[in-house]
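Input: a single structure, listed below in structure tokens.
Every number here is computed from the coordinates shown, using simple stated rules; none is lab data. Remember, predicted model here, so these are calculated numbers, not experimental data. Here the Cβ positions follow ideal geometry from the backbone for every residue, glycine too, while neighbour counts run over all protein chains shown.
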């Protein structure tokens, strides 16, 4: 730490966060924040429109708790305490499996930062400029921490990874973002990071397919809001939470590079590294989807004449996306389907796109889709990177068609255009709030820095 008085990573992050102003941001960075904000709002509203059982359970629970009417439940429109609104809105964003991914840390920042910041900003009646700055900070801190630590931790040195940072450590970024909205000073921000950090590791058992995986990230968002508010009230937290003798860096007992957290702090912003999602599934399915759609566009294949399909994908994703193959061909839930290459490739071939509407309990039983999944085989390639895939389609007349895809739509090397992003938002939001409101939200997010009170935006985020 070269800066005078900066004795720890939390101190460095806090000083930077407290000192950052909207006027310090470039036009391009502001545009990035707006794009990610709009994208996340679309994911929340799209999920609400599906009326999934899991969302209804959490929504009913949040409403039953009552409390002070501070922040809006997006889609529903009811106002609840700020921390509870952050939880349910984050849960809706997470279960969409449609928010952007950081391909270095594997963190999905929007579903955490945007709901938390907007909930706190509505409570505080914050300006749009403050919302932009806070969202940017949340992304930056979250992704810096994420790239410094590995995806999973070998806690006992046995070679078996038991703890994950993905939704735990990243909540520190959410805490900083909310702290910025609350206008915490440097010492209070350090305390907030410490409060949140003491509880931020979590078990990989949350990946069990018998649980609602999205609830854990949402609870971390709520805890991040609590941490910032408690620090605002004067509760202290350990400044040594990262580098201390029992800090997060030591607990993990594995490879990490702590300097990546503060390297280039304030000079570069990690939000520009995040890949938006063009398809509503696990991002590791996207190269295969891209290959399937690319093959159909190039060769104009008659799907009724398909005999067999072989997909070659990144081998390390086998257990997640195509094994056991029979189970992946017949997903039992929408979550299973979103993590199934056979199902997603079948959608790409038959529908020409993979949208959120394809992942309902009714949609995953579509006999046309399931008949095609029976013809799909998947093999792993150690030569491929995770963003590569190749598809071979064999026809009944023995003709074969090949298509290779690299960097799916949404990657920084194959970006989603503003028009495509707006179309994605409208397709997700319109069923809940109507086309007129959806267009108004696009307009308002595009001029977010001009808004004096963020409730101008949040008032639009409810069903018609």
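Values as computed for the structure displayed
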quantity	calculated
Estimated 222 nm signal from helices in the chain, with DSSP H stretches of n ≥ 4 weighted -39500 (n - 2.57), rounded to 500	-15000 deg cm²/dmol
With Cα atoms, 0 to 90° folded angle of helix 9-19 axis to the chain main axis	80 degrees
Contact order relative to length of segment 283-406, as percent, for alpha carbon pairs under 8 angstrom and 6 or more apart	42 percent
For 99, 282, 344, order by how many other beta-carbon atoms lie within 10 Å, fewest first	282, 99, 344
Sorted by Cβ density within 10 Å, fewest first, the residues 36, 286	36, 286
Burial ordering of 221, 198, 131, 445, fewest other beta-carbon atoms within 10 Å first	198, 445, 131, 221
Length gained when the stretch residue 423-residue 371 is fully extended (0.36 nm per residue, less Cα-Cα span)	15.7 nm
Residue 301/residue 435 FRET efficiency (R0 35 Å; Cβ-Cβ; nearest 0.05)	0.55
Where N is the number of residues in segment 283-406, Cα Rg divided by 2.2 N^0.38 Å	0.95
Packing-based ranking, highest mean first, of 185-197, 38-50 given that Cβ atoms within 10 Å are counted	38-50, 185-197
Rounded to 5, percent antiparallel among DSSP beta bridges of the chain	70 percent
Gained length - residue 333 relative to residue 310, 0.36 nm times residue gap less alpha-carbon distance	5.9 nm
Antiparallel bridges, percent of DSSP beta bridges restricted to segment 283-406 (to nearest 5)	70 percent
Cα→Cβ-extended label distance, 7 Å offset, between residue 56 and residue 383, nm	5.0 nm
For the chain: relative contact order, % (alpha-carbon pairs under 8 angstrom, 6 or more apart)	20 percent
Two-site label geometry, residue 318 and residue 24: point separation in nm, points 7 Å out along Cα→Cβ	4.8 nm
Rounded to 10°, Cα long-axis angle of helix 110-124 versus longest principal axis of the chain	40 degrees
0 to 90° range, to nearest 10: angle between helix 171-181 axis and the chain longest Cα axis	50 degrees
